[in-house]
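Engineer: Before I ask anything, here is the structure I am working with.
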Amino acid sequence: MLRATLKPQKLLEPSVNERNLVDLLLNQAKQSPTQVALRVKRKGVYLDIAWKTFCRYVIQVALALHQFGIKKEDRVAILSENRPEWAYADLGILSVGGIVVPIYPTSSPREIEHVLLHCEANFIFVSTAEQLGRVKSLGKALEKIKIIVLFDPISKEGNIVSSFEDFIQSVRPEEESNQALFNSLVSQVGLDDLATIIYTSGTTGPPKGVMLSHRNFLVNCYDAKEALPLERADLLLSFLPLSHVFERMAGYYLSLLCGSAIAYAENMNTVPENLVEVHPTITCGVPRFFEKMYARVQIEVEKSSFPHKAIFQWAIKVGNQSSHFQIEKKQLPIFLLFQRFFAQKLVYSKIYKKLGGRLRCFVSGGAPLAKELAEFFYSVGVLILEGYGLTETSPVIAVNRWEHFKFGSVGLPLRNVETKIAEDGEIVVRGPSVMSGYYKDEAATREVLQNGWFRTGDLGRIDSDGFLFITGRKKDIIKTSGGKMISPQNIENLILTDLVFSQFIIVGDKRKFITALVVPNFDQLKLILKKRVDMVEEMTPQELIQNPAVHEIIRERIEAHTKDLASYEKIKYFTLLAKEFSQEKGEMTLTLKIKRAMVQEHFREAVERMYQETEKQDDEGRNRIFFVL
């Protein structure tokens, strides 16, 4: 039984002009053959790749795959960081009707083997010698691999390894017979053919293979283009993994549809430098990226002189006052207009310049973005538009718009995504961008696809203006022994707006009260402690979490951020951890989401200790603080 809180938009018959995803590239290569499509840094310099060159490589890959015997519905894996060859391989596979299976470049050999065996791939593209080494260390999965194509140059390494250049060198796209063959292969690929199997990050269990068709992606691209129109003059900086559906659609296929150029960041660590080098106009990011960007700004301010700090604080105050007028589309009062002008010159322009100087907006997805973070960046002239979606929905369900946004919401549902709230508060959707199911897992498919509706597993509400708000994750809801229902994500996001915290996990299901596992931001702590503690710069994380001054700072910050919550939502005890949760230990997914069950299992003794100490308090009557070195 569904409780509709939003009158569904009238769904239009999805209109796409392409037969398949490959047509996106073919259209651009025909319309603007010499215009820049891709930019990549080689030997310290960004090089341009035109649409016609992009297209030539894709044709070569497709025909080489055809020569090797790859046919329609064969699964071909890609294990690579973001680079032009990722796109060449992707569209080349799709051109012959193959099914692309992307693998996160940070995956462990065990995770790589699981994906390859489950999807039954016998062909894989890999990026570097390091990635090749991981694939060659596999057991049973390696036995089934017929050929490994390495993007980087490599000397001959056995019969199954080929360099990318060697793999495509025999193909001559300009020959009429090859052009005819390529066109024939592409023409056989239809909208409802499977394009990809994407393995989910598995926060609540083993990864599942999400099956998405060409139609799923194309409809979502057209919907996204309507919501956030890109232009040919736009340039996107690509740094989120292309193995993640968010970057693949919003930072890649959408660019192909709109004719926008893509510049590849060298790696995650060089993004600040690459922003300045390529001057992007739009970039996709995740909340963790914006949190780190905010932290860098705050650390620079903290290190500056008192006058500079005062000017910064004044500029932020002016920005906050101005943003209210701007959001409501009202003219700024003359006194505020003058202040805004000088704040722009003294502060905002410097931040904007470090983002490349041409940015129209960031698009945030993948996890909830703290409202306070979005408001801070907007106050200094940087718009972050938050969206929402899942791998199973190709992925975008809703997104804020340039001229119509609400911070704290994930925006308005897309045209072809009918969105409702179920009786239990779960967000359910249906439409042509919803997956056909999980690969080889009918039971899991039936669990989430019911009567045409996809059950997202997220809880939400829709306001009177049609904006969607995420209120929690259904499986994460904590029910105390007293029967109180608590959404831990809401409390965690509230606290994580404070730079003192790096990671924060609420615990308390079936308990009398809630507690927390806390990983502090040690760099930020040291800045705060400089005037209180001697030799703080030399202190290790293990030493810091044992320091009474740190205990007091953490306690005060938690209390300040939770003061307006209900009594049962307040944290009674917390344990400080000296190390962040890691992918290697299985505590985080490849998309950097924390696996709650795994973390609680790993720190079971620490959790139990907090609940065993219910009656014990320190001399001041305050709750005790624990730590794990």
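The values are calculated or read from the model by the stated rules, or taken from the named source; none is laboratory data. Just so you know, these numbers come straight off a predicted model, no measurement behind them. As a convention, Cβ positions derive from the backbone with ideal geometry for all residues, glycine included, and neighbour counts pool all protein chains shown.
Engineer: Under the condition of being polar (S, T, N, Q) and farther than 29 Å from residue 230 by Cα, which residue from the stretch 273-324 is nearest to the chain's Cα centre (by Cα)?
Structural biologist: 298
Engineer: Please tell me if residue 201 is out of contact with any helix residue (DSSP H, G or I) (no Cβ under 8 Å at 6 or more places or on another chain) and either within 14 Å of residue 396 (Cβ to Cβ) or crowded, with 23+ Cβ neighbours inside 10 Å (or both).
Structural biologist: So residue 201 fails the test.
Engineer: In the stretch 326-346, which residues are part of a helix (DSSP H, G or I) and at pLDDT below 90?
Structural biologist: 326, 327
Engineer: Let me ask another. Residues to consider are 415, 461, 446; find the one that is more than 25 Å from residue 242 (Cβ to Cβ), touching an Asp or Glu at 6+ places or on another chain (Cβ under 6 Å) and not β-branched (Val, Ile, Thr).
Structural biologist: Going through 415, 461, 446 in turn, just one is more than 25 Å from residue 242 (Cβ to Cβ), touching an Asp or Glu at 6+ places or on another chain (Cβ under 6 Å) and not β-branched (Val, Ile, Thr): 415.
Engineer: Restricting the search to the stretch 561-582, which residues are surrounded by fewer than 17 Cβ atoms within 10 Å (Cβ to Cβ) and part of a loop (DSSP other than H, G, I, E, B)?
Structural biologist: Passing the criteria: 563, 564, 565, 566, 570, 579, 580, 582.
Engineer: Of all residues in the stretch 169-200, how many are part of a helix (DSSP H, G or I) and either at pLDDT 95 or above or touching an Asp or Glu at 6+ places or on another chain (Cβ under 7 Å) (or both)?
Structural biologist: Summing the residues that are part of a helix (DSSP H, G or I) and either at pLDDT 95 or above or touching an Asp or Glu at 6+ places or on another chain (Cβ under 7 Å) (or both) in the stretch 169-200 gives 8.
Engineer: I want to confirm something. Restricting to the stretch 347-358 and keeping residues that are crowded, with 19+ Cβ neighbours inside 10 Å and aliphatic (A, V, I, L, M), which single residue is farthest from residue 320 (Cα to Cα)?
Structural biologist: The extreme case among them is 355.
Engineer: Further question on the same structure: Quick one: which strands (runs of 3 or more DSSP E) sit completely within the stretch 370-457 and have at least 3 residues that are in contact with a Gly (Cβ under 8 Å, 6 or more places away or on another chain)?
Structural biologist: By residue number, 384-389, 396-399, 426-430.
Engineer: Any chance the stretch 402-413 includes a residue that's over 20 Å from residue 471 (Cβ atoms) and touching a residue at least 24 places away in the same chain (Cβ under 8 Å)?
Structural biologist: Yes; the residues of the stretch 402-413 include at least one that is over 20 Å from residue 471 (Cβ atoms) and touching a residue at least 24 places away in the same chain (Cβ under 8 Å).
Engineer: Within the stretch 550-567, can one find any residue that is at positive phi and either assigned by TED's automatic domain parsing to the domain that holds residue 511 or at pLDDT below 90 (or both)?
Structural biologist: No: the stretch 550-567 contains no residue that is at positive phi and either assigned by TED's automatic domain parsing to the domain that holds residue 511 or at pLDDT below 90 (or both).
Engineer: Same structure, new question: Is it true that residue 383 is touching a strand residue (DSSP E or B) at 6+ places or on another chain (Cβ under 6 Å) and either buried (at least 17 other Cβ atoms within 10 Å of the Cβ) or of a type in the set (A, V, I, L, M, F, W, C) (or both)?
Structural biologist: Yes, satisfied.
Engineer: Next question. From the list 145, 168, which residue is surrounded by 17 or more Cβ atoms within 10 Å (Cβ to Cβ) and out of contact with any strand residue (DSSP E or B) (no Cβ under 8 Å at 6 or more places or on another chain)?
Structural biologist: One residue alone meets the criteria, 168.
Engineer: Can you tell me which residue among 581, 574 is within 30 Å of residue 198 (Cβ to Cβ) and modelled with pLDDT of 90 or more?
Structural biologist: 581
Engineer: Please state which one of 201, 213 is among the polar types (S, T, N, Q), touching a Lys or Arg at 6+ places or on another chain (Cβ under 7 Å) and in contact (Cβ under 8 Å) with a residue 24 or more places away in the chain.
Structural biologist: Residue meeting the stated conditions: 201.
Engineer: Which ones in the stretch 93-147 are within 14 Å of residue 65 (Cβ to Cβ), assigned to a loop (DSSP other than H, G, I, E, B) and more than 27 Å from the chain's Cα centre (by Cα)?
Structural biologist: Within the stretch 93-147, 96, 97, 122, 146 qualify.
Engineer: From the list 330, 345, 309, 371, exactly one residue is under 27 Å from residue 234 (Cα atoms), outside the structural domain of residue 494 (by TED's automatic domain parsing) and free of Cβ contacts under 8 Å to residues at least 24 places away in the same chain. Which is it?
Structural biologist: Among 330, 345, 309, 371, only 345 is under 27 Å from residue 234 (Cα atoms), outside the structural domain of residue 494 (by TED's automatic domain parsing) and free of Cβ contacts under 8 Å to residues at least 24 places away in the same chain.
Engineer: Sticking with this one: Taking the condition modelled with pLDDT of 95 or more, acidic (Asp, Glu), surrounded by fewer than 21 Cβ atoms within 10 Å (Cβ to Cβ) and closer than 23 Å to residue 239 by Cβ, does residue 90 pass?
Structural biologist: Judged against the criteria, residue 90 is not a match.
Engineer: Which of the residues belonging to the stretch 429-456 are without any contact (Cβ under 8 Å) to a residue 60 or more places away in the chain, closer than 18 Å to residue 474 by Cα and not charged (D, E, K, R)?
Structural biologist: Passing the criteria: 429, 445, 448, 449, 450.
Engineer: While we're here: Considering only residues that are among the hydroxyl-bearing types (Ser, Thr, Tyr) and closer than 30 Å to residue 515 by Cβ, look in the stretch 443-487 and name the one that is surrounded by the most Cβ atoms within 10 Å (Cβ to Cβ).
Structural biologist: Residue satisfying both the conditions and the ranking: 456.
Engineer: Next up: Being among the charged types (D, E, K, R), under 28 Å from the mean Cα position of the chain (by Cα) and surrounded by 19 or more Cβ atoms within 10 Å (Cβ to Cβ) is true for just one of 340, 248. Which residue is that?
Structural biologist: 248
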